[in-house]
Every structure is written in structure tokens, then in C-alpha cells.
1. State to the nearest 20 debye the size of the charge dipole of the chain about its Cα centre, where the only charges are +1 on K and R beta carbons and -1 on D and E beta carbons.
2. At 222 nm, what value in deg cm²/dmol follows for the chain if DSSP H runs of at least 4 each add -39500 (n - 2.57) and the sum is divided by all its residues, to the nearest 500?
3. Taking Rh as the Kirkwood radius, which is the inverse of the mean 1/r over Cα pairs, what is the Rg/Rh value for the chain?
4. Specify which residue in the list HIS399, PHE342, LEU361 is farthest towards the positive end of the charge dipole of region 337-408, using unit charges on the beta carbon of Lys, Arg (+1) and Asp, Glu (-1), about the Cα centre.
5. Starting from 0.36 nm per residue, how many nanometres of slack lie between THR558 and VAL380 once their C-alpha separation is accounted for?
6. Quick check on region 428-531: what are the equivalent-ellipsoid semi-axes from the Cα gyration tensor, as sqrt(5λ), descending, whole Å?
7. Just to be sure I understand the curve: with the Debye formula and one point per C-alpha of region 339-537, what is log10 I(q)/I(0) at q = 0.08, 0.09, 0.13 Å⁻¹?
8. What translational D, rounded to a whole number of µm²/s, comes out for region 15-329 from Stokes-Einstein when the hydrodynamic radius is the Kirkwood one over Cα pairs, at 4 °C and 1.567 mPa s?
Amino acid sequence: MRRIRIAVGCAALALVGARRAAAQQWDSPEALALVQRAIARRGASLADTALTDFSARAHGFVFFLGQIGEGLSEPPRLIKADQLELEVYWRAPDRSKQIIIGWRNHPYLPTDINYHRDHLGIAMNNFADRIRLGEGDEVRDVPHPLSPGAPALYQYALVDSLEIRLPDRAIEVYELRVRPRDFAAPRIVGSLFIDRTFGDLVRMTFNFTRGAYLDAQLEDISVSIENSLWDGRFWLPVHQEIEIRRRATWLDFPARGIIRGHWDIDSYRFNQGVPDSVFRFGPEIVAAPAAVRDTFPWTDSLDAAVRDVAQPARLADFAKIRAQATAIAMGHVLTRLNQTEFAGVSVSDFAHVNRVEGLALGAGLDHRSADLANVLRLKVGAATATPLLVGGASVSSRHGPVTYQAGGFREVRDMGDVPVVSGVMNSLLAQEFGVDYGDYSLASGGSASVTRALSGRTTLGLSLGYERVDSLAVHYRWARGAFDRPNPGADAGDYGVARLSLARRSGSFATERELSGRAELEAATGAREYARAYGELRWQIPAGPTHVIIRAAGGAATADLPRQRAFLLGGRGTLLGEPFRSAAGRAMAWTSAEWQFPIPAPAVPLGSYGGTGRTATLAPWVALGWTGGAIAGLPAAPTRGARASVGVGLGLLHDLLRVDAGVDTRTGRFAGSVDVSRVFWDIL
């Protein structure tokens with residue numbers, strides 16, 4: 001069978017003669033004429049006598065992901081992956097059936113997620129005249145922009161034209177922007193790519209209006225559908241993707257659940273005479289018996305298949321769809337999120353314990369603009385062991401790749417460049433065991449910053465600010481008495497501070513090899529004048545079914561570096577086995593390497609959340625560190641030469657829990673640590 005496959009935007013297309021319309025005009029005669037042709041073609045295609053039926057195969061993935069961290073800027077983490085193989089059937093005028101003949105999945109974290117049936121299949125006929133998602137629980141009865149009567153509900157603008165060269169002809173495709181006449185009604189906002197001659201729908205990308213979402217936890221839904229020209233005549237699905245994002249309904253907290261569907265459709269066979277028995281029983285999407293699904297001959301492992309479809313560039317397409325829909329909406333609210341909510345960056349923002357504040361309580365409030373580009377954030381907190389009040393206010397504004405921010409603050413800061421323990425675990429250890437993995441100072445002032453995204457993963461930032469730094473004394477007593485480690489204090493005074501930073505985030509959730517990290521240059525005047533440079537990186541290297549993780553950090557500063565900006569090493573997080581932060585100085589170098597590989601482990605059932613899995617992760621490691629240049633007033637001193645620790649880590653509960661044991665090679669001192677995965681530290 002001769003077939004020609006076309007998917008607008010794919011690398012295989014030869015696009016020539018693309019041109020921008022002279023001006024975007026809503027409901028121009030040309031746009032409305034094209035819409036009417038497309039509506040007529042959509043209705044006529046169902047009655048096309050040349051196509052009585054077809055069958056095809058759909059190859060799909062459904063991912064459940066979690067995205068966490070301030071600003072939700074880090075890529076989402078994979079929680080569960082399902083791979084599906086479907087037989088797809090259609091018969092005129094509108095009967096369809098999808099049968100799941102292959103289905104395998106793997107939980108990467110405990111979860112009780114259950115998908116709606118229509119998440120497990122493709123959208124036929126570019127959706128019905130009334131669009132439904134989540135079996136009508138998420139979106140229901142949203143008018144299709146090419147359904148009969150749609151021009152009374154939507155506006156259209158002709159914005160682009162492009163020509164697709166085929167071996168025997170050229171096809172001209174027009175892009176139409178579509179928006180509702182009433183943004184409060186349940187509608188879509190997006191783009192339609194339509195064949196100019198016959199009015200066939202080639203591609204469709206869109207989001208929904210706020211009024212379309214029926215589930216209060218829905219943040220937004222993005223959809224992309226691409227069709228191809230099969231057998232030289234029939235425009236039928238070739239690729240479909242959907243992203244469904246959810247957030248808490250009353251709290252602006254940096255945690256988001258995401259469902260992503262990814263489908264490729266091929267192996268079309270036309271007019272073969274699909275029997276009535278295929279359509280007779282059950283819903284449109286059904287699963288074959290377990291014996292059939294479980295014996296499907298997959299060609300590769302699930303992990304390898306996931307990596308093939310989850311590349312960062314492909315995942316970034318959803319952000320482009322949302323950005324385009326936001327631009328078309330021109331200030332109208334598209335997200336289901338409330339514009340004003342209680343807020344917090346982490347659990348510890350609401351309650352935490354340390355030796356200078358005791359139990360500290362806090363709260364925050366966020367107000368977002370309709371397009372989410374502008375955010376006003378307020379927060380306040382109070383200690384219980386001392387009359388210490390903290391808080392702040394900030395405003396941020398995003399303009400394309402550039403974000404501006406300004407605000408004032410009064411906050412308790414840890415001296416370390418990176419956290420060595422999650423906030424919740426540190427509170428538990430401080431309260432119940434008298435162990436506090438922090439050294440604190442009080443900073444009050446204000447700053448202004450500008451951050452530019454250089455790529456999907458890399459950002460460049462510059463901030464200027466003024467701050468007053470003061471020492472904090474230990475006022476709190478843990479459950480059985482006083483803490484045995486004093487707070488080192490700070491070199492109090494007023495500082496004008498400038499910081500230049502470059503950061504590279506980790507890649508997609510399926511990236512095997514990646515390099516991430518950050519570098520920062522800091523200069524200050526005032527009570528002390530100093531310059532300081534710091535950098536850190538994480539390099540993940542695949543080694544067959546295992547990984548090698550290399551981490552490194554280093555820094556150097558001028559002679560008048562204040563205590564609160566010292567480089568620190570020792571103990572938990574750097575050199576396990578050494579006393580905690582027993583080494584400090586104006587210069588520092590540290591590196592570690594660990595080899596992560598799976599080992600058999602007993603599976604423990606967790607009810608609806610699945611289980612702990614049949615494997616754990618064993619991670620032998622070695623760490624090496626050095627500091628130089630003494631700083632007056634610090635109890636910690638520079639090292640005399642390099643110091644090393646060796647040990648082993650164990651990841652349990654799908655690596656949700658991490659247990660480490662290490663020994664100092666110089667003294668033989670042994671130490672251990674337990675915490676949740678570093679992935680979750682930002683929200684704890």
C-alpha cells in the first residue's frame with residue numbers, strides 16, 4: 001500500500017515558502033471562509049464512501065510524574081510509567097474500538113494512581129464535536145472549534161501559511177488561532193493547522209479555559225494532535241500527546257502531579273471489512289485478557305523504551321503550547337488555580353525546629369496575575385524560644401525568558417552553601433536528639449535581581465542588594481537538655497552585595513547521562529570587603545544497568561571573608577565520619593564518587609500504593625575534601641592536607657529513603673545518617 005505520512009513540525013517535513021500573515025485579524029473573511037471549509041470537510045469525511053473502515057496500531061506511554069521545588073523549575077521526576085500497545089478499529093460513520101493487547105508498567109515511587117480509561121487510548125476523529133477528557137470528570141461537553149455552529153462560539157485569526165512539498169504535489173497549510181468569544185465559558189484556546197485546498201485538519205494544539213475544568217485540582221491540560229496523509233488521501237492520526245497538571249486546591253506549594261500521554265499510530269489497513277463483533281460489547285477502550293497483555297512481545301526493556309520518548313526537547317513542547325495559549329488569551333485566566341492562596345516553599349516554612357529559634361511557625365500568601373507572569377509573595381514567621389520575628393515581601397515578573405524580582409527580607413540563614421539534611425529531618429533530630437545540622441545568622445535587607453533563561457536547562461542571574469547581618473545565640477533546649485554545639489556567630493554589620501550566578505538544571509526524568517550544577521561570583525562592601533567564588537556539579541554516568549555519580553564543589557575567597565560566608569566541610573553531607581563542620585576556611589575543594597547498582601530485596605506490600613519493590617540500591621562511595629585559609633572567630637580550622645571518608649549507602653522504598661554509613665580514614669571514626677532522598681529536600 002502506497003502511503004504518504006505528514007506531521008507538521010516533524011523533522012522529516014520539507015517546509016518551504018513559510019510566510020507570516022501581514023496582521024493578525026480576528027474573524028477576517030479569509031479566516032472564516034477557511035473555517036467553514038474545514039467544518040464542512042470534517043462532516044463530509046465521516047461519510048466519505050472511499051473510506052468505509054480501517055484498522056491501525058497505536059504505541060503509547062502514560063507517565064505519572066511529580067514536580068517539586070521552589071518555582072517548579074526543576075524537571076519532573078518519574079513516579080510511574082505504563083507502556084501500552086493497542087489495536088485500533090474504525091467503521092463509518094462513527095464507530096470505533098480500541099483494544100489494549102500489550103500493557104506493562106513500573107512504579108518508580110510508591111503511588112496509588114489510577115488512570116481514567118480514555119487516558120489509555122487515543123482520541124479518534126480529532127475529538128468529537130463535544131470534547132470530553134477523564135471520562136467527563138476532567139473536561140466535559142466543550143465545543144470543538146470545527147463543530148457545526150462553532151463560529152458563533154469562537155473567533156479565528158489567520159496567522160501563518162506554509163507549503164509542504166510532496167513527491168507529486170505541494171500542500172498549502174494555514175495556521176488559524178482560535179479563542180472563545182466568552183472566556184468564562186468552557187472552551188479551548190489554541191491553533192488549528194488546516195489544508196487550504198480541502199479543509200482537512202492537519203494539526204491541532206490547544207489548552208482549555210478555566211471554565212472547562214470540572215476537577216478543582218486541575219491546573220491545566222495541554223493537547224497536541226498531529227495527522228498524516230495516508231494512502232495519498234486520508235488524513236488520520238499519526239501522533240498525539242496530552243499533559244494534565246494538578247496542584248493543591250487551597251495552598252500554593254511547590255509540588256505538582258503530572259500525567260503525560262504519548263502516542264504514535266501506524267500500520268493502517270483500509271477497507272478490510274471490520275466485523276460487527278469488534279464494536280459490539282463494552283466501552284470504546286477495552287483491555288484484552290491478562291494472558292494476552294502479559295505475553296505481548298516487547299522489543300526492549302521498559303526503561304530503554306521510556307528513555308527513547310522522554311527526551312528534554314520533546315517534553316519542552318508542552319511549555320510552548322501553554323505559552324502560545326496564554327498569548328492568545330490576552331490576560332484572561334486559563335489555569336484552574338486560584339489567583340490568591342496561602343503559600344509556602346517547603347514544609348519547614350510552616351514549622352521547624354533549630355537551636356536558635358526553637359519551634360518556629362510561619363505562613364505565606366501568594367497573589368498571581370491572570371497569566372501567572374506576575375507574582376506577589378508575602379511571608380511571616382515567629383520563633384518560640386526567643387522574641388524573633390522574620391518575614392518578607394517580594395514581587396516577580398516574567399517576560400519571556402527574563403524574570404525580574406525585587407523584595408525585602410528578614411530571615412535566619414544557614415552558613416552552608418548547600419543543605420546537608422532535609423528540613424523535616426533536621427527538626428526531628430534537633431527536637432528529639434539534640435543534633436542540629438545548621439549554623440545560623442540573621443540577615444535583614446532587600447535585593448533586586450534579573451534572571452535570564454539561556455536554554456531549557458541553563459539560567460544566568462544577577463542580583464544587587466543590601467543586608468544587615470547579625471549573630472544569633474542558642475536559646476532553645478532540646479527534649480533532654482542543652483545542645484553541645486554552640487552557634488558560631490557572624491561578623492555583624494551592613495553589607496552591599498552583588499551576585500552573578502550560572503545554573504544548569506538536571507535533564508528529563510529519563511536522562512541516563514547528565515551534567516548539572518551551578519557557579520556563583522559574589523562581591524561585597526561595607527563592614528567587610530570581600531570577593532568569593534563558589535561552584536558545584538553533579539555528573540551522572542551510565543555503566544550498563546548501573547550508574548556512577550560524581551559530585552564536586554570548590555571555592556575561594558579574599559582575605560577579609562566574614563565568618564558567615566566561610567567554606568565548611570566535615571560530617572554529614574560532605575565527609576561522613578569527620579565531626580560535623582570541623583573544617584573551615586577561605587578556600588575549599590571537595591569531591592565524591594559513588595557507584596549505584598540494584599540488589600535483590602524483599603518486597604513489602606503497601607496496600608493501594610503498591611509495594612517497596614523487589615530491589616534496593618546499593619551505593620559504595622568515597623569522598624575527599626580540603627580547606628585552607630583560617631578565618632578568625634570560627635571554631636573550625638583549615639585541614640592539614642586532604643581528608644577522606646569511605647562508606648556505603650542503601651536506597652530503600654524505590655530510593656525514597658537513603659541510609660548511609662561512613663568512616664573517616666584518618667581517625668577511624670564511624671558515623672551514619674538516615675534521610676529521605678535528596679530529590680525531596682527542597683519541599684521539606
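1. Charge dipole of the chain: 580 debye, to the nearest 20.
2. My calculation for the chain gives -2500 deg cm²/dmol from helical runs alone.
3. Here the Rg-to-Rh quotient is 1.02.
4. The residue sitting most towards the positive pole is HIS399.
5. Roughly 60.6 nm would be gained on extension.
6. 33, 25, 10
7. -0.32, -0.41, -0.88
8. 62 µm²/s
No lab work stands behind these numbers, since they all come straight from the coordinates. Since we're looking at a predicted model, the values are computed, not measured. Cβ coordinates were reconstructed from backbone atoms using ideal geometry, including for glycine residues, and neighbour counts include every protein chain displayed.
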